[in-house]
Amino acid sequence: MTTNYNKKAIGEHQLKPESLMMGYGYDPQLSEGSIKCPNFQTSTFVFKSARDGKDFFDVVSGRRVLAEGEQAGLVYSRFNNPTLEIAENRIAIWDGAEDCAITGSGMSAISTTLLALSRPGDVIVYSEPIYGGTDTLINGMLKQMGIHAVGFMSSEGIDAYKAALDKAKSMGNISVILLETPDNPTNNLVDIAACREVADKIASDQDVAPVIAVDNTMLGPLWQTPLAHGADLCLYSLTKYVGGHSDLVGGSCSGSKALITRIRRVRNSIGTTMDSNTAWLILRSLETLKIRMQASNEGAAKVVAFLNEHPVVTRIDYPGLLKESDPQYAIYKKQCKGAGSTFSFEVAGGEAKAFAVLDKLKLVKLAVSLGGTESLAQHPAAMTHSGVPKERRDIIGITEGLIRISIGIEDPEDLIADLKQALED
Ligand SMILES: *Cc1c(COP(=O)(O)O)cnc(C)c1O
């Protein structure tokens, strides 16, 4: 058998990401033949010579640029680690990216990216609603550092986006356009390609074009690949679908080598990197990413079909239910390969009924987070989005009867049986 650990094709035949997840980037002969990439649980690496040590430091600190195909020498696990690097290379494959930097959490992927690309006086444009932690970061800490922000409602489409860009331009240099699509918890979609086109028009007015970053946590690489639609960066909370087992916290950022090198340098400096044990768990998770996401996607479609016929359910925010007449439908068809498995539904009877349903669930667990093998349900108005003022929640559609559910990989009929009994009076 020939070593094929860093090849993405057999002859002319290109291998699919799911096939590459079991071996890509890992040479068993470097680890006693171990079939699995070990967890390199070490803080530091022994240099063969002082000259090597000097050279490796020149590379990690950016004083020397690697030649094509050359690998950075291992120095210290805040900078690099084999388990971490193999996980990065495999996530880059899913995202169709040149490079990827993984971080200790989704929030650290977002904060490291924004810090790497913005200077005081710059403006960040972002879609709303956006993940609560991201909102707090942008409108709290970053504002204190003199980095401004302008939001636009994802439900209001491209005109709202254009107005936000105009406003932002009048305030300063636009550093990053951060999109979260579909939004959470109402699943409105933002047209990434259209955002790219408008951003390119304003790029000529600025010294540097704004970087378009998409938080792709909700659909994951199976159902949406933002880089293929014109985004520069694809961000994840790996805690959700990619990790997929509700047993780790992590994040990642994929994109061009040039951008990821800038982000990685900031990560290595401020220390938002991921530990090797979590990176090892990510390698485990990546092997089953496709089958997990397919199973939960199919399960969600069945659960939605049940809820859609239920008399107590007054609204379902699920992209798979979009009507052709809805402007969002065209975006969905162009940009998404599946509807995902996290969606919200509203029950008649407000908070009291929603709480009663949540308290009666037996198989579905009452917890925040999403994207795990087990189904989770929660009440956005009282839980994940309780920090959003009520008037804003009303505008966004986060009503008192709204329940968000993340469908796992249980048998869909079992989930339907659970929801059926929970919805009964
Ligand atoms: C959970 C989540 C985050 C934050 O990720 P952590 O891993 O919890 O830091 C960011 N964006 C979205 C869309 C999320 O769901």
For segment 82-286, what is the convex hull volume of its Cα atoms per residue in Å³?
104
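Of all DSSP beta bridges in the chain, what percent run antiparallel (nearest 5)?
55
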Sparse-neighbour loop sites [trypsin sites (Lys or Arg not before Pro); segment 244-293; at most 13 other C-beta within 10 Å; DSSP]:
none
Considering only DSSP beta bridges whose two residues both sit in segment 82-286, what percent are antiparallel, to the nearest 5?
40
Segment 277-425: radius of gyration over Cα atoms, expressed as a fraction of 2.2 N^0.38 Å:
1.08
Where does the longest stretch of the chain lie that holds no GluC sites (Glu not before Pro) found in a DSSP loop with 12 or fewer other Cβ atoms within 10 Å?
71-308
Say the cut-off is 22 Å between C-alpha atoms; which of 162/323; 337/362; 167/333; 365/420 go over it?
162/323; 337/362; 167/333
Using the heavy atoms of the protein chains alone and a 1.4 angstrom probe, what is the accessible area of the chain per residue in square angstrom?
44
Average projected area of the Cα convex hull of segment 176-330, in nm²?
11.7
Cβ-Cβ FRET estimate between residue 166 and residue 32, R0 fixed at 60 Å, reported to 0.05:
0.50
Taking protein heavy atoms only, a 1.4 Å probe, and rounding to whole percent, the accessible area of the chain owed to carbon and sulfur comes out at 55
Points 7 angstrom from Cα along the Cβ direction at residue 72 and residue 277: gap in nanometres?
2.4
Note to self: C-alpha centroids of segment 175-227 and segment 303-363 sit apart, in Å, by 24
Segment 68-91 versus segment 112-132: alpha-carbon centroid distance in Å
27
Once the Cα gyration tensor of segment 108-159 is found, what semi-axes does its equivalent ellipsoid get, as square roots of 5 times the eigenvalues, in whole Å, sorted largest first?
19, 12, 10
Using only the alpha-carbon atoms, how far is helix 289-308 inclined from the longest principal axis of the chain? Give it as 0 to 90 degrees, nearest 10.
10
Under 27 Å from the Cα of residue 169, which lysines turn up, not counting those fewer than eight places away in the same chain?
143, 201
Compute the helix-to-body angle for 276-287: its Cα long axis versus the longest principal axis of the chain, expressed 0 to 90° and rounded to tens.
60
Please compute the net charge surrounding residue 180, taking Lys and Arg as +1 and Asp and Glu as -1 over other residues with Cβ under 11 Å from its Cβ.
-4
Give me the dipole magnitude in Debye, nearest 20, for segment 1-125 about the Cα centre, with unit charges on the beta carbon: positive for Lys and Arg, negative for Asp and Glu.
280
Any idea what log10 I(q)/I(0) is at q = 0.07, 0.09 Å⁻¹ for the chain, Debye with uniform C-alpha scatterers and no solvent?
-0.35, -0.58
Between residue 18 and residue 325, what is the label-to-label distance in nm when each label sits 7 Å out along the Cα-to-Cβ direction?
3.7
Angle between the Cα long axis of helix 82-95 and the longest principal axis of the chain, 0 to 90 degrees, nearest 10?
50
Residue 348 to residue 291: FRET efficiency via 1/(1 + (r/R0)^6), r the Cβ-Cβ distance, R0 30 Å, to the nearest 0.05?
0.25
Work out, step by step, the length gained on full extension between residue 414 and residue 136: first 0.36 nm times the residue separation, then minus their alpha carbon distance; give nm to one decimal.
96.3 nm
Cross-link reach from residue 390 to lysines, straight Cα distance under 21 Å and at least 8 residues apart if same chain, gives 353
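The values are calculated or read from the model by the stated rules, or taken from the named source; none is laboratory data. Being a predicted model, the structure only gives us computed values, none of them experimental. Note that we place each Cβ from the backbone using ideal geometry, even for glycine, and neighbour counts take in every protein chain shown. The accessibility values were calculated without ligands, DNA or RNA, using every heavy atom of the protein model including side chains. Shrake-Rupley method; radii C 1.70, N 1.55, O 1.52, S 1.80 Å.
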